[in-house]
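Let me begin by presenting the structure, written as structure tokens, before commenting on it.
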Amino acid sequence: MITASKGLKYFEDILDVYSQFKRCHKSYIVNLNCVDEYIKSDGGSLVIKG
């Protein structure tokens with residue numbers, strides 16, 4: 001596990017340069033290359049590879 005003292009907004013700004021990273025929730029940033037499936041029902045869900 002990695003612990004960081006910076007907020008998620010800090011990492012979102014850094015990763016914004018790379019178009020494959022998106023913030024999908026107030027608590028999550030995902031690498032779109034790792035998304036296997038998007039399910040639209042019930043507000044939407046992402047299925048991550050692995």
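The values are calculated or read from the model by the stated rules, or taken from the named source; none is laboratory data. Worth saying up front: this structure is predicted, and the values here are computed from it rather than measured. Positions of Cβ are backbone-derived with ideal geometry, glycine not excepted, and every protein chain shown enters the neighbour counts.
Count of the stretch 10-37 residues, restricted to those that are surrounded by 10 or more Cβ atoms within 10 Å (Cβ to Cβ) and basic (Lys, Arg), is 2.
Here is a yes/no grid of residues against (1) at pLDDT below 95; (2) of a type in the set (Gly, Ala, Ser); (3) over 9 Å from the mean Cα position of the chain (by Cα):
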position	(1), (2), (3)
5	yes, yes, yes
15	yes, no, yes
18	yes, no, yes
21	yes, no, no
26	yes, no, yes
35	no, no, yes
43	yes, yes, yes
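Residues of the stretch 35-46 that are hydrophobic (A, V, I, L, M, F, W, C) and either assigned to a loop (DSSP other than H, G, I, E, B) or over 15 Å from residue 22 (Cβ atoms) (or both): 39 alone.
I need a count of the residues in the stretch 9-30 that are touching a helix residue (DSSP H, G or I) at 6+ places or on another chain (Cβ under 7 Å) and part of a strand (DSSP E or B). Residues that pass the stated criteria total 4.
With the condition kept exactly as written, say whether any residue in the stretch 38-45 is among the β-branched types (Val, Ile, Thr), surrounded by 13 or more Cβ atoms within 10 Å (Cβ to Cβ) and touching a strand residue (DSSP E or B) at 6+ places or on another chain (Cβ under 6 Å). Within the stretch 38-45 (the criterion being among the β-branched types (Val, Ile, Thr), surrounded by 13 or more Cβ atoms within 10 Å (Cβ to Cβ) and touching a strand residue (DSSP E or B) at 6+ places or on another chain (Cβ under 6 Å)), the answer is no, since none of the residues qualifies.
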